[in-house]
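Shown next, in structure tokens, is the structure this report addresses.
What follows is calculated from the coordinates using simple rules that are stated; it is not laboratory data. Bear in mind that the values here come from a model prediction, so they are computed numbers and not experimental data. Methodologically, a virtual Cβ is constructed for each residue, glycine included, from the backbone with ideal geometry; neighbour enumeration extends over all protein chains shown.
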Amino acid sequence: MFRKFIFLILLLNALGGCKYIRYSFKEGSIAAEVKSISIAYIQNNASVIVPQLSQQLTDKLRQKFLSETRLDMVNSGGDFDIKGTITSYIVEPVSLQAGQKASQNQLKISVQIQFANKQNPKVDFNETFTQYAEFGSDKSLTSVELGLISLITEKLTQAIFNKTLSDW
């Protein structure tokens, strides 16, 4: 019993001094040398501009990294650096019923994300993320828009978060 205890202490001590320990999370891992993240305000260059969309997406993305990682948020030049642009905001029919009338519509939002990792540039990416939410054609977009935007920005945030941490 005493030998197991000593072995456990020595093992923990050896691991504690290891330079390459990674911090793991449900969605991925972050190398120990990565300390900070910067997330620039996500600009809206879509043909349809919804005033709160840029702020909501930027805030959700920042909050996700603050609440689910140990990274410090900095204004610019973080070890992880994220910049983005909303490129598309469209409503389109999903399913048609008799008479070529849509029974379901979907709001689809796309955002172009540039991710730079100062510690490991080979995992940098420039990628478009697209998410959508459906709503019945019996409802106007204005009556469901805020709820759909909230749902879609949550999905976009999760997809971006997963991609930034999955390449380690």
- Along segment 50-59, Karplus-curve 3J(HN,Hα) (6.51, -1.76, 1.60; θ = phi - 60°) to the nearest Hz, with x for Gly and Pro, reads 9, x, 7, 4, 4, 5, 5, 5, 4, 5
- Task: Give the shape of segment 50-127 as rounded, prolate or oblate, defined through the alpha-carbon gyration tensor: a ≥ b ≥ c are the square roots of its eigenvalues, a/c under 1.5 means rounded, and otherwise the shape is prolate if a/b is larger than b/c and oblate if not.
- Result: prolate
- Local charge sum around ILE39 (other residues, Cβ-Cβ under 11 Å, Lys/Arg +1, Asp/Glu -1)? +2
- Distance (nanometres) between label positions extended 7 Å along Cα→Cβ at GLU154 and GLN119: 3.0
- When the convex hull of the C-alpha atoms of segment 35-166 is computed, what volume per residue in Å³ does it have? 108
- Query: Just how large is the dipole of segment 35-166 about the Cα centre, in debye to the nearest 20, putting +1 at every Lys and Arg Cβ and -1 at every Asp and Glu Cβ?
  - Reply: 200
- Note on the structure: The answer for GLY78, listing residues at least 5 apart or on another chain whose modeled amide H is closer than 5 Å to its amide H, is SER38
- Task: Could you line up ASP72, ASP59 from fewest to most neighbouring Cβ atoms inside 10 Å?
- Result: ASP72, ASP59
- Note on the structure: When the charge dipole of segment 35-166 is computed with +1 at the Cβ of Lys and Arg and -1 at the Cβ of Asp and Glu, the Cα pointing farthest to the positive end, of THR153, MET73, TYR89, is that of MET73
- Message: At a 10 Å Cβ-Cβ cut-off, how would you order VAL34, VAL123, fewest neighbours first?
- Response: VAL123, VAL34
